[in-house]
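The values are calculated or read from the model by the stated rules, or taken from the named source; none is laboratory data. Keep in mind the model is a prediction, meaning the values are calculated, not measured. Neighbour counts run over all protein chains shown; Cβ positions are idealised from the backbone, glycine included. For accessibility, only protein heavy atoms count, side chains too; no ligands or nucleic acids. Shrake-Rupley method; radii C 1.70, N 1.55, O 1.52, S 1.80 Å.
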Amino acid sequence: MTIERYETGPRMCQGAAHGGLVFLAGQVAADPVGNGVTVQTQGVLEQIDRLLAQAGSHKSRILSATIYLADIATFAEMNAAWDAWVDRENPPARATVEAKLAAPEYLVEVVVVAARGEP
């Protein structure tokens with residue numbers, strides 16, 4: 001089977017698909033400076049929508065999501081954005097943890113695995 005890669009750079013790609021699965025790299029805010037967790041989460045979820053569409057998938061097809069928060073005290077703020085976005089009829093398995101992210105301006109990072117196919 002062919003492996004497809006999306007938005008490939010010298011170190012990594014933003015997504016890869018193999019068979020019926022799509023794997024996205026950890027997505028962080030494109031413009032994190034001055035934005036809180038809710039705004040950063042909204043931006044990350046928009047990026048996930050875009051990458052899944054490139055791979056022939058959709059948020060309703062997400063199997064699992066891992067969310068990393070720089071401060072677990074912002075859990076409710078992140079959930080406000082997540083709850084407005086997630087497909088309520090097809091919610092993924094999900095874990096949320098506190099972690100030190102790659103740069104201090106990043107407050108949230110999201111990794112997803114999805115099945116291919118349209119909703």
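In the stretch 28-39, which residue that is open to solvent by less than 40 Å² (accessible area, probe 1.4 Å) and at pLDDT 95 or above is nearest to Trp82 (Cα to Cα)?
Initially, the stretch 28-39 is screened for residues open to solvent by less than 40 Å² (accessible area, probe 1.4 Å), giving 28-29, 32, 36-37.
Then drop every residue that is not at pLDDT 95 or above, which leaves 28-29, 36-37.
Details: Val28: 14, Ala29: 14, Gly36: 14, Val37: 11 Å.
Out of the qualifying residues, it is Val37.
Taking the stretch 40-85 as the range and being among the aromatic types (Phe, Trp, Tyr), touching a helix residue (DSSP H, G or I) at 6+ places or on another chain (Cβ under 7 Å) and surrounded by 17 or more Cβ atoms within 10 Å (Cβ to Cβ) as the test, only Trp82 passes. Every condition in (1) within 10 Å of the chain's Cα centre (by Cα); (2) within 13 Å of Glu109 (Cα to Cα) is met by Leu51 except one, and the failing one is (2).
Quick one: in the stretch 55-82, of everything that is assigned to a helix (DSSP H, G or I) and over 14 Å from the mean Cα position of the chain (by Cα), which residue is nearest to Glu118 (Cα to Cα)?
The first filter runs over the stretch 55-82 and keeps only residues assigned to a helix (DSSP H, G or I), leaving 59-61, 72-82.
Pick out the ones that are also over 14 Å from the mean Cα position of the chain (by Cα) and you get 72-77, 80.
On the way: Ile72: 33, Ala73: 35, Thr74: 32, Phe75: 30, Ala76: 30, Glu77: 29, Ala80: 25 Å.
The selected residue is Ala80.
Residue check: is Thr38 β-branched (Val, Ile, Thr) and closer than 21 Å to Gly56 by Cα? No. Take the conditions assigned to a helix (DSSP H, G or I) and of a type in the set (A, V, I, L, M) and apply them to Leu51. Does it pass? Yes, satisfied.
Could you please give the count of residues in the stretch 7-43 that are part of a helix (DSSP H, G or I) and closer than 22 Å to Glu89 by Cβ? The total comes to 2.
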